[in-house]
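Enquirer: This is the structure I want to talk about, given as structure tokens.
A short reminder: the numbers here are calculations on the coordinates, not readings from a lab. All figures in this text were calculated on a predicted structure; none of them were measured in a lab. Cβ coordinates were reconstructed from backbone atoms using ideal geometry, including for glycine residues, and neighbour counts include every protein chain displayed.
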Amino acid sequence: MTRPPLPQRRFDLDVSDEQVAFFRATGFLALERITTDEEVAWLGAVYDGLFAARSGQFDVSRPYGSRGDHQLSQLLFPEQQVPELRNTVYYQNARRVIARLLDVAEADLGAWGHVLLKPPRGGHLTPWHQDESYWEPDFEYCAAGAWLPLEDVDMRNGCMCFLPGSHLGDVLPHHHYGGDPAVHLLEVDDAPDTSAAVPVPLRAGGATFHHPRTLHATAPNQTDRPRRAYANEFQLPPKRRATRAHRPWVDEGKQALAERVRATVRA
Ligand code: NI
């Protein structure tokens, strides 16, 4: 894939003690400006190239292997295809901010990313969930996520909605969306009281941050334009737990995926 060069204008973002305190109390933080408009445009071109290539992306809202148009498309580890993503102002700033939020050394943070595409006119919702519910139950995590929309977002196209303070407890029981373990999306079992939920509309160039246990969701995309987002998880090396956490939905999902792969190989 040929790409234009990464824009060179840099700026170093830092967060205030008040913003760090807000994150620790609520489990999320919104920053209005994390990167330049030039870089948002560059990221948009890279993003569109990744999705146009039609490889490695899957619909998280329907059973693995479903045919037809995706309703919520995900592609994991885009940095493996486009290593320059790690040199972006966004990525560098996100890592610095998260080191502050977690009070850890920046150099100790590893990272992985994924990109999400909510197509126009009905792109699927993301149900209420905690990110850690997706992760390996054998490990403990010290992590936070950064989420960068590539266009302006609000409730009409699926901005982030957070439930303040929900990060302070354990990982809650989750299930695969619609009760089908072959559907990648997870949803928390007990619908939370969302009267205190905070939607975070944002202009392109801003980002949100959240703790892996913060309950969050996004609405369907009702607009005529795609809603593109780039998400990164920054984390210390996970530590093996003395006892595996009880998260049966993780194994149910792996089993359903393995069965689907076996069926595809046989077909
Ligand atoms: Ni999430």
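Enquirer: If you take all C-alpha pairs in the chain, what percent of them are over 22 Å apart?
Expert: Working: 20069 of 35511 pairs.
Percentage above 22 Å: 57.
Enquirer: Same structure, new question: Per 0.36 nm of contour for each residue apart, how much would the distance between residue 255 and residue 12 grow if the chain were fully extended, relative to their Cα-Cα spacing? The partial results should precede the final answer.
Expert: Working: separation 243, 0.36 × 243 = 87.48 nm, distance 4.37 nm.
Here the segment from residue 255 to residue 12 would lengthen by 83.1 nm.
Enquirer: Can you give me the distance in nm between label points at residue 245 and residue 20, each placed 7 Å from the Cα along the Cα-to-Cβ direction?
Expert: 2.5
Enquirer: Moving on. Grab the DSSP H runs of the chain that are 4 residues or longer, score each as -39,500 (n - 2.57), total them, divide by all residues and round the 222 nm result to the nearest 500 deg cm²/dmol. List each step's numbers first, then the result.
Expert: Details: 4 runs with 59 residues, N = 267.
Computed ellipticity for the chain at 222 nm equals -7000 deg cm²/dmol.
Enquirer: Residue 32 to residue 139: FRET efficiency via 1/(1 + (r/R0)^6), r the Cβ-Cβ distance, R0 51 Å, to the nearest 0.05?
Expert: Numbers: r = 34 Å, r/R0 = 0.66.
With a Förster radius of 51 Å, E is 0.95.
Enquirer: Hey, if you put +1 on the Cβ of every Lys and Arg and -1 on every Asp and Glu Cβ in segment 17-266, which of 104, 43, 70 ends up farthest toward the positive end of that dipole?
Expert: 70
Enquirer: Let me ask something else. With charges set only on the Cβ (+1 for Lys and Arg, -1 for Asp and Glu), what does the dipole of the chain come to about its Cα centre, in debye to the nearest 20?
Expert: The dipole of the chain has a size of about 740 debye.
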